[in-house]
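Comments concern the structure below.
Just so it is clear, none of the values below were taken in a lab; they were calculated from the coordinates. Quick caveat, the model's predicted, so the values are computed rather than measured. Here the Cβ is made from the backbone with ideal geometry for all residues, glycine too, and neighbour counts use every protein chain on show.
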Amino acid sequence: MFQQMLSKAEAGLFDVLVFWKLDRFSRSIMHAVNLEKQFREWDVALYSATEQIDTTTPAGRFNFRNIANAAEFERDMIKQRTQMGHAARALEHKWPNKTAPLGYVKTDNGKLSVHPKEAALVRHIFSEYTEQRSMPSVAEILNNEQWSTKQGNNWTADAVGKILRNQIYIGEYSVGEIESTVKEYQILSQKLFDEVTEIRMRFKKDTQSTRPAMGKERKKQRVKDVTSQYSDFYESSISE
């Protein structure tokens, strides 16, 4: 929409661009100044509904640059305060996201608390992976056992992989530049996590290793899915 507005300004379809506030018009002082110059070449003036901006005069253009500079300064200050706030919360080991990882709930004070049932599922995932040595196989087992993800979805290899790579399960808290060990967040033993990591990285470390063959049940399900998709496509083509 902004690009459409610029095209219309260049075409001379309007004389004045009205915006609510300068920071709604541009996020950068350099960008705002360059835009104002371009609009001036197109004989289009800028007008703010809440600020004293009128770029049809030299004084107005001077005021425009001052306001643009102040707006950018304010945004930088807000960004800095936000970063300081995040850092302060991280130092207290609070969780930055609304949803806690699988295995935890977010308490009223913003910290994580171990959820016993979900923590058992996390341990089950790690344990199954040491036996299956395959993320798709673990996902298949979890779905057959009617386990769902934190969001209530079916398990996939990617979803399993995210669990297996998350160091929060051994109490390693990392948010922004803050990294520390939080014992009360630990769900798994370091030994089990290291074993899983070793299995995950085996193909990178050993070029002679081969990935395990797809299981019979996965093969059957894959054939069933492909056949179903082809059948739907064929029926759709016939109907058209």
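When you filter the GluC sites (Glu not before Pro) in region 37-91 for DSSP loop state and at most 15 other Cβ atoms inside 10 Å of their Cβ, nothing is left.
All other residues whose Cβ lies under 12 angstrom from that of Pro96 are scored, Lys and Arg at +1 and Asp and Glu at -1, for a net of +4. Stretching the chain fully between Leu91 and Leu13 yields a gain of 22.7 nm (0.36 nm per residue, less the alpha carbon separation). Ala59: net charge of surrounding residues, Cβ under 15 Å, Lys/Arg +1, Asp/Glu -1, itself excluded? Combined, the nearby Lys, Arg, Asp and Glu give 0. Going down the list Lys79/Lys111; Lys106/Lys204; Lys79/Lys150; Lys111/Lys204; Lys8/Lys79, which pairs span over 28 Å between their C-alpha atoms? Too far apart for the 28 Å limit: Lys106/Lys204; Lys79/Lys150; Lys111/Lys204; Lys8/Lys79. 3J(HN,Hα) along region 194-203, derived from phi through the Karplus expression 6.51 cos²θ - 1.76 cosθ + 1.60 where θ = phi - 60°, amounts to 5, 5, 5, 4, 4, 5, 4, 8, 5, 6 Hz, with x in place of Gly and Pro. Loop-located chymotrypsin sites (Phe, Trp or Tyr not before Pro) across region 87-189 with a Cβ neighbour count of 12 or fewer within 10 Å are lacking, with loop assigned by DSSP. Nearest 0.05, what FRET efficiency do Arg24 and Trp147 give at R0 = 45 Å with Cβ-Cβ as r? That gives a FRET efficiency of 0.45.
Each residue of region 167-180 was assigned a 3J(HN,Hα) from its phi angle through the Karplus curve 6.51 cos²θ - 1.76 cosθ + 1.60 (θ = phi - 60°); the sequence is 6, 4, 6, 10, x, 8, 8, 9, 9, x, 9, 8, 10, 7 Hz, with glycine and proline shown as x. P(r) for region 104-219, from all Cα pairs and a bin width of 5 Å, is 2, 10, 19, 22, 19, 14, 8, 4, 1, 0, 0 %, short bins first.
Within region 1-75, the trypsin sites (Lys or Arg not before Pro) that combine a DSSP coil assignment with at most 14 other C-beta atoms in a 10 angstrom radius are Lys21, Arg27.
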